[in-house]
Amino acid sequence: MRPTVPAAGPESERGSAIVDFVLVGALLTVLFVAVLQLALTLHVRNTLIDCAAEGARYGALAGSTPAAGAERTRQLITSAVDARYAADVAARTTSLAGAPVVEVTVRAPLPVLGLFGPSGVIAVAGRAYAEGAG
């Protein structure tokens, strides 16, 4: 008696469409979540940069202080994203090419979906030339 060989044709591929759908669907889902995570991280980073720059401009105004710029940065971050991103805001007066500059630095946690992903912080800074100084 000869062993039977499965026939090649439509009958031998029964059920393969389901497997293909699951494999491709899982891959596309992972890719979509990765792009979504990248977009979220870039949005938070750009928002923090904008808030730090605005706080530096506020702190650099004549009659204002770097501490007022840091407080303004905290208010903007809290209204834009979340208060936990405004926990570590620092402002100082420094010089850039000999001119006095107010620098606001923000250190915030990385926004991560789930428990997996990079750990660490995003550190951004905003600078503005101090008015009336120099």
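Anything in the range 75-92 that is more than 17 Å from the chain's Cα centre (by Cα) and either at pLDDT below 95 or charged (D, E, K, R) (or both)? List them, or say none. Steps first, answer last, please.
Filtering the range 75-92 down to residues more than 17 Å from the chain's Cα centre (by Cα) leaves 75, 90-92.
The answer is ARG92, and nothing else.
Just checking, which of GLY120, GLY126 is modelled with pLDDT of 90 or more and within 25 Å of the chain's Cα centre (by Cα)? Lay out the reasoning, then the answer.
Details: GLY120 fails: modelled with pLDDT of 90 or more.
Result: GLY126 is the single residue among GLY120, GLY126 that is modelled with pLDDT of 90 or more and within 25 Å of the chain's Cα centre (by Cα).
The values are calculated or read from the model by the stated rules, or taken from the named source; none is laboratory data. In this text the structure is predicted, and so the values were computed from the model without any measurement.
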